[in-house]
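Q: Structure incoming, see below.
Laboratory data are not the source of any read-out in this text; all were calculated from the coordinates shown. Worth saying up front: this structure is predicted, and the values here are computed from it rather than measured. Every residue, glycine as well, gets a Cβ built from its backbone with ideal geometry; the counts of neighbours run over all protein chains shown.
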Protein chains: 2
Amino acid sequence: MIRYPRAAMRVLILGGDGYLGWPTALRFSARGHEVAVVDNFSRRRWHQEQSTDSLTPIRSLTERIDAWRELSGRQIAAHVGDIEDGEFLDRVVGEFLPEVVIHYGEQASAPYSMQSRQAAVETQYTNVIGTLNLLFSLRDRVPDCHLIKLGTMGEYGTPDIDIEEGFIEIEHKGRSDTLPFPKLPGSLYHCSKVHDSTNIHFACRIWGLRATDLNQGVVYGIETDETAGQEQLITRFDYDETFGTVLNRFCVQAVIGHPLTVYGEGGQTRGFLNIRDTLQCVELAATNPAASGEFRVFNQFTEQFSVAELADLVRQAGNHLGYEVEVQNVENPRVELESHYYNATHTKLLDLGLEPTHLGEELVESIIHAIERYKDRVIADAIEPRTRWNPGELEGRIVPAS
Amino acid sequence: MIRYPRAAMRVLILGGDGYLGWPTALRFSARGHEVAVVDNFSRRRWHQEQSTDSLTPIRSLTERIDAWRELSGRQIAAHVGDIEDGEFLDRVVGEFLPEVVIHYGEQASAPYSMQSRQAAVETQYTNVIGTLNLLFSLRDRVPDCHLIKLGTMGEYGTPDIDIEEGFIEIEHKGRSDTLPFPKLPGSLYHCSKVHDSTNIHFACRIWGLRATDLNQGVVYGIETDETAGQEQLITRFDYDETFGTVLNRFCVQAVIGHPLTVYGEGGQTRGFLNIRDTLQCVELAATNPAASGEFRVFNQFTEQFSVAELADLVRQAGNHLGYEVEVQNVENPRVELESHYYNATHTKLLDLGLEPTHLGEELVESIIHAIERYKDRVIADAIEPRTRWNPGELEGRIVPAS
């Protein structure tokens, strides 16, 4: 049974201080929903630990919430705590009784997860145990609530067949079944997202929860309708080797006169989307909820590009704006195919009404302009890749005495 | 490159105090290998917490090791600690420099994982983080070591197609690839084993580790070559609702005059194997290691039975021995299909030379005889299923005010 949402819903956003979580909170608040956010500021802490920072001068969560209330007259509630703390999360869910939970509350960096054993354990602990705690709170407090979980296209890896949206019909030895699409995650972070998907699917099958897993591509861009021109509301923008994603990083490199660092050949192809489209997609999922017991997977991206294509695009846009932009192929710190088949289905969100923002020179130029405002804040040292997927390739390792 | 093992190897057994871990330690020690075991006695602790116990009067680890040394002249080293403690595990691996690690060191009960949020978190934390720590220690200390990991057939669930051994060739839209077999785990414990498989596969792909995942069926039986007739060496035997498995539980029920409790219809079909065959399989895997970078999956069982078939078999064997045995269909505490297609491939271990022990009345009678010796130790109260997969079906739950 699908429960059609009322005009105003109680929306709980986990990771509501983050790059996407904060603009999502503003969007749902602007639409008149009752919004509460949960965050433990781990992204801010990880940046402090690595001596890096957001390009944009983000305000504290309280300052942002105050600024939004002054601007819009709307209140966003904040709960500061760890979702790995099951008691805390259960109290928040039990008191707020959300009708939708949008779950961004995870360690989302692949390089971070590959830095060390400690960072890998922190990533999988935070992501898997946090989400598991959430599933129990939903089961016990609000079993009809719609969970919208941010997944990643990186769960699929680069198989040699077309990627489907979560499930695939397999014919085998004269029989057939529709089963979870096989996963080949490319980092221990991506593994943690596969674990989450397995747990959430289980909770839908066994407990009858309803969930939408948004397997998102790589997001780019800074501004959304609610934050544009409002510096006190601006969201974070990461460009460092750990938390920065490729297109955002290239745009920063173009502005500061750093060569665009393409890892290896640059034939790595991925799905991409604009931050404005992330908000569209999450809204479409929320207003068209999964059915009770349904685990629904949407591939959330609008266009596919190779890394080399993106570097070319940024070089052209940069040249237009008078920058000298060089493209540099650096040794790939990751273990990944640099030339591969890639074709991922992504029709379900289009069917719900997604109107894609297309990436072109003009859009890249607008990102570059937004970056120019903060170019003095760039920490250039933080851009070069240092985290290797397989440190054993470089360093000597202890082997058994024999 | 396959490294052919020398006659004597350094074999590290995680969970070496357990039902299978201890007999495995004895087997490898008897063969002349250098054996070290790691355990934190969590299974003994969980039994204390639930006021249950092994049917067999198992000795402490130290007493068993002493008894084995007196009997065989061979020494087994013991390291007491948690594999979730990465520093501890890394120290053990770094000092012992194992050539083979056999990993039984997990919370292995499906009902335990479904008891509460806390038990679910403990299960996934213990299993996922423990195994992740191990992968880093292997990478950094002994990258050539062969990891033999106990998985479970329960990772696959009951898909409507034949189950293959870990991977399946999928033809899709005119292309094809061999990909991980899709998983439909049936409990949060089984989910944790799927997570482990994902992480281990990753470590083989990215770091070049070598691993064999033994997706084991349900094990039955008590005695192995090394323990038969040696009560001070006997392994544990669980029959309670939490840690007991179906055939062992039925045999105990037959002996104490308790109806055999079949959950639901009893059409649930699974793969089974004798504890003696577990040891055969693990030895075959150890002496025929995976190649460097290879993640190899064997389906480790010898025969398929439905629960109703097993109940019938135990009833017949019991009757032969003069017991009145009743079969009772109780309400199924689990959420699972009670009638389904099931056909799982299991040829890879046979190809390596596995000689299956076949289950029949005679074998059941021998298990019953072994149980009779300890029938006064049975805690009858602990057998009835109390842990429900979906407690929400019974209890009222808080729902959103609307």
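Q: Determine the gain in length on full extension of the stretch A:GLN232-A:SER366; use 0.36 nm per residue of separation and subtract their C-alpha separation, reporting nm with one decimal. Can you show the working numbers first?
A: On the way: separation 134, 0.36 × 134 = 48.24 nm, distance 1.96 nm.
My answer for the length gained is 46.3 nm.
Q: What are the residues whose amide H is under 5 Å from the amide H of B:HIS146, where those residues sit 5 or more places off or on another chain and H is modelled from the backbone?
A: Amide H neighbours of B:HIS146, under 5 Å, 5+ apart: B:VAL100, B:VAL101.
Q: For region B:187-192, what does the Karplus curve 6.51 cos²θ - 1.76 cosθ + 1.60, with θ = phi - 60°, yield as ³J(HN,Hα) per residue in whole Hz, taken in order and with x for Gly and Pro?
A: 7, 6, 5, 4, 4, 4
Q: For a paramagnetic label modelled at 7 Å from the Cα of B:TYR341 toward its Cβ, which residues of region B:144-173 fall within the zone defined by backbone nitrogen distances under 11 Å?
A: Zone members listed by number: B:159-163.
Q: Given a cut-off of 20 Å, what percent of all Cα-Cα pairs of region A:159-302 lie beyond it?
A: Details: 6331 of 10296 pairs.
Pairs farther apart than 20 Å: 61 percent.
Q: Let me ask another. When the Cα centres of region B:61-82 and region B:271-309 are compared, how far apart do they sit, in Å?
A: 26
Q: Return the ratio Rg/(2.2 N^0.38 Å) for chain A, where Rg is computed over Cα atoms only. Working shown, then result.
A: Numbers: Rg = 20.8 Å, N = 402, 2.2 N^0.38 = 21.5 Å.
Rounded to two decimals, the normalised Rg is 0.97.
Q: Continuing with the same structure: Equivalent ellipsoid semi-axes for the protein assembly as shown, as square roots of 5 times the alpha carbon gyration tensor eigenvalues: give them largest first, rounded to whole Å.
A: Numbers: eigenvalues 475, 184, 106 Å².
In descending order the semi-axes read 49, 30, 23 Å.
Q: Just checking the output field for B:180-186: average partner chain Cβ neighbours within 10 Å of each residue's Cβ?
A: 6
Q: Can you put B:GLU63, B:GLU164 in order of Cβ neighbours within 10 angstrom, beginning with the fewest?
A: Values: B:GLU63 12, B:GLU164 18.
By the 10 Å Cβ count, ascending: B:GLU63, B:GLU164.
Q: How many partner chain Cβ atoms sit within 10 Å of a residue's Cβ in peptide B:198-204, on average, as a whole number?
A: Values: counts 11, 8, 1, 4, 10, 2, 0.
Mean number of neighbouring Cβ atoms from other chains: 5.
Q: Let me ask you something else. Using the 10 angstrom Cβ neighbour count as an exposure proxy, how do B:CYS251, B:CYS145 rank, fewest first? Don't skip to the end; give the middle numbers.
A: Numbers: B:CYS251 29, B:CYS145 25.
So the ranking, lowest neighbour count to highest, is B:CYS145, B:CYS251.
Q: So, one more: Which one of A:GLY130, A:ALA311, A:ALA108 has its Cα pushed farthest toward the positive end of the charge dipole of chain A, where Lys and Arg give +1 and Asp and Glu give -1 at the Cβ?
A: Sorting the options by dipole projection puts first A:GLY130.
Q: Where the label is 7 Å out from Cα toward Cβ, how close does B:LEU321 come to the same position in every other copy, in nm, shortest first?
A: The projected label point of B:LEU321 is separated from its counterparts by 8.1 nm.
Q: Can you give the calculated 222 nm mean residue ellipticity of the protein assembly as shown, where each DSSP H run of n ≥ 4 adds -39,500 (n - 2.57) and the sum is split over every residue, rounded to the nearest 500 deg cm²/dmol? All intermediate terms of the calculation are to be shown ahead of the outcome.
A: On the way: 26 runs with 278 residues, N = 804.
One gets -10500 deg cm²/dmol as the mean residue ellipticity at 222 nm.
Q: At 7 Å along the Cα-to-beta-carbon direction for both B:ALA7 and A:ARG373, put a label point, then send me their distance in nm to one decimal.
A: 7.7
Q: Kindly write out, for region B:84-93 in residue order, the coupling ³J(HN,Hα) from the Karplus curve 6.51 cos²θ - 1.76 cosθ + 1.60 (θ = phi - 60°), rounded to whole Hz, with x marking Gly and Pro.
A: For region B:84-93, the Karplus curve yields 5, 8, x, 5, 4, 4, 5, 5, 4, 5 Hz.
Q: Among A:PRO333, A:PRO391, A:PRO23, which one moves the most in a GNM of chain A with springs linking Cα atoms closer than 10 Å?
A: A:PRO391
Q: What is the mean number of Cβ atoms from other protein chains located within 10 Å of the Cβ atom of each residue in peptide A:120-128, rounded to a whole number?
A: On the way: counts 7, 8, 0, 1, 7, 7, 0, 0, 8.
Across A:120-128, the average partner-chain Cβ count within 10 Å equals 4.
Q: Nearest the rotation axis from A to B, which residue of chain A has its beta carbon, and at what whole-angstrom distance?
A: A:HIS195, 2
Q: Right, something else. Quick one: label points 7 angstrom along Cα→Cβ at B:ASN390, distances to the other copies in nm, smallest first?
A: 4.5
Q: Search the structure for amide H atoms under 5 Å from the amide H of A:GLY151, placed 1.01 Å from N in the peptide plane, and list their residues when 5 or more places away or on another chain.
A: The answer is A:LEU214, A:ASN215, A:GLN216.
Q: Still on this model: Return the percentage of antiparallel bridges among DSSP beta bridges fully within chain A, rounded to the nearest 5 %. Kindly include the intermediate steps, with their values, before the conclusion.
A: Working: 10 of 49 bridges.
Percentage antiparallel, nearest 5: 20.
Q: List every residue whose amide H lies under 5 Å from the amide H of B:PHE167, counting only residues 5 or more places away in sequence or on a different chain, with H placed 1.01 Å from N in the peptide plane.
A: B:PHE181
Q: Please tell me the relative contact order of region A:81-168 in percent, rounded to the nearest whole number, where contacts are Cα pairs under 8 Å and at least six residues apart. Please report the intermediate quantities before stating the final value.
A: On the way: 83 pairs, mean separation 35.7, N = 88.
Once divided by the residue count of region A:81-168, the mean separation gives 41 percent.
Q: Hey, with R₀ at 51 Å, roughly what FRET efficiency would A:GLU294 and A:GLU331 work out to, going by the Cβ-Cβ distance, to 0.05? Intermediate values should be presented prior to the final figure.
A: Working: r = 44 Å, r/R0 = 0.87.
About 0.70, to the nearest 0.05.
Q: Here is a follow-up. Return the percentage of antiparallel bridges among DSSP beta bridges fully within the protein assembly as shown, rounded to the nearest 5 %.
A: Working: 20 of 98 bridges.
Percentage antiparallel, nearest 5: 20.
Q: Return the sequence-ordered ³J(HN,Hα) values of region A:70-75 in whole Hz as given by the Karplus equation 6.51 cos²θ - 1.76 cosθ + 1.60 applied to θ = phi - 60°, using x for Gly and Pro.
A: Computed from phi, the couplings for region A:70-75 are 5, 6, 10, x, 10, 9 Hz.
Q: Would you mind ranking B:GLU336, B:GLU171 so that the residue whose beta carbon has the fewest other beta carbons within 10 Å leads the list? Don't jump to the answer; show the numbers that get you there.
A: Numbers: B:GLU336 16, B:GLU171 12.
In increasing order of surrounding Cβ atoms, one gets B:GLU171, B:GLU336.
Q: One decimal, nm, shortest first: give the distances between the label point of A:LEU352 and those of the same position in the other copies, each label point 7 Å from Cα along Cα→Cβ.
A: 4.5
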